[in-house]
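The values are calculated or read from the model by the stated rules, or taken from the named source; none is laboratory data. What you see is a predicted model, and the numbers here were worked out from it, not measured in a lab. Neighbour counts are summed over all protein chains in view; Cβ atoms, including those assigned to glycine, are modelled from backbone coordinates with ideal geometry. Only protein heavy atoms, including side chains, enter the accessible area calculation; ligands, DNA and RNA are left aside. Shrake-Rupley method; radii C 1.70, N 1.55, O 1.52, S 1.80 Å.
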Amino acid sequence: VQLQASGGGLVQVGGSLRLSCAASGSTYSLKAIGWYRQAPGKQRELVASINTNGDTKYADSVKGRFTISKDDDKNTVYLQMNSLKPEDTALYYCAAMKSSLEYEYWGQGTLVTVSS
């Protein structure tokens, strides 16, 4: 499974961005895809996830502001990020869960910078 993340950039406080994670390869039987982020000096954090049924989970820090969705026809998962805050600045990664209960496939990061 290969994952390609895109959509990061520089945005002002209160702005919006949409990240995309395109999956290719053996995407059948993927259990879930998640978006992680890691800011300098901080631990990696699971921001949002979506499973094959479309069930979603969010970190408390982004609830009400971020929305994860998927387009099965395009094998793509999106992360719509609204009302962005400086603390949302981080490298965002998408990851896929397939054979285990852990995220085992990782895409490259896409940088999100929120300026105040």
Next item on the list: Using the Cα centre as the reference, give the magnitude of the dipole from point charges on the C-beta atoms of the chain (Lys, Arg: +1; Asp, Glu: -1; all else neutral), rounded to the nearest 20 debye.
Entry: 140
Check: What number comes out for the charge environment of Gln38, summing +1 per Lys or Arg and -1 per Asp or Glu over other residues with Cβ under 9 Å away?
Finding: +2
Checklist line | Surface share of carbon and sulfur [accessible, 1.4 angstrom probe, percent] for segment 1-104 | finding: 45
Margin query: Under 20 Å between alpha carbons, and skipping anything fewer than 8 positions from Lys31 in its own chain: which lysines qualify?
Written below: Lys57, Lys70, Lys74, Lys98
Check: Among residues other than Leu17 whose Cβ falls under 13 Å from its Cβ, what is the net charge (Lys/Arg +1, Asp/Glu -1)?
Finding: +3
Notebook entry, point to check: Can you give the accessible area per residue of the chain, in Å², using a 1.4 Å probe?
Noted result: 54
Checklist line | Net charge, Met81 excluded, C-beta distance under 13 Å - Lys, Arg +1, Asp, Glu -1 | finding: +3
Item checked: Projected label distance in nm at Ser69 and Ser100, using a 7 Å step from Cα toward the beta-carbon -> 3.3
Notebook entry, point to check: So how much slack lies between Ser16 and Thr113, counting 0.36 nm per residue of separation and subtracting their Cα-Cα distance, in nm?
Noted result: 33.8 nm
Note to self: Which one, Asn75, Ala48, Gly64, is farthest towards the positive end of the dipole of segment 31-116 when Lys and Arg carry +1 and Asp and Glu -1 on their Cβ?
What the structure shows: Gly64
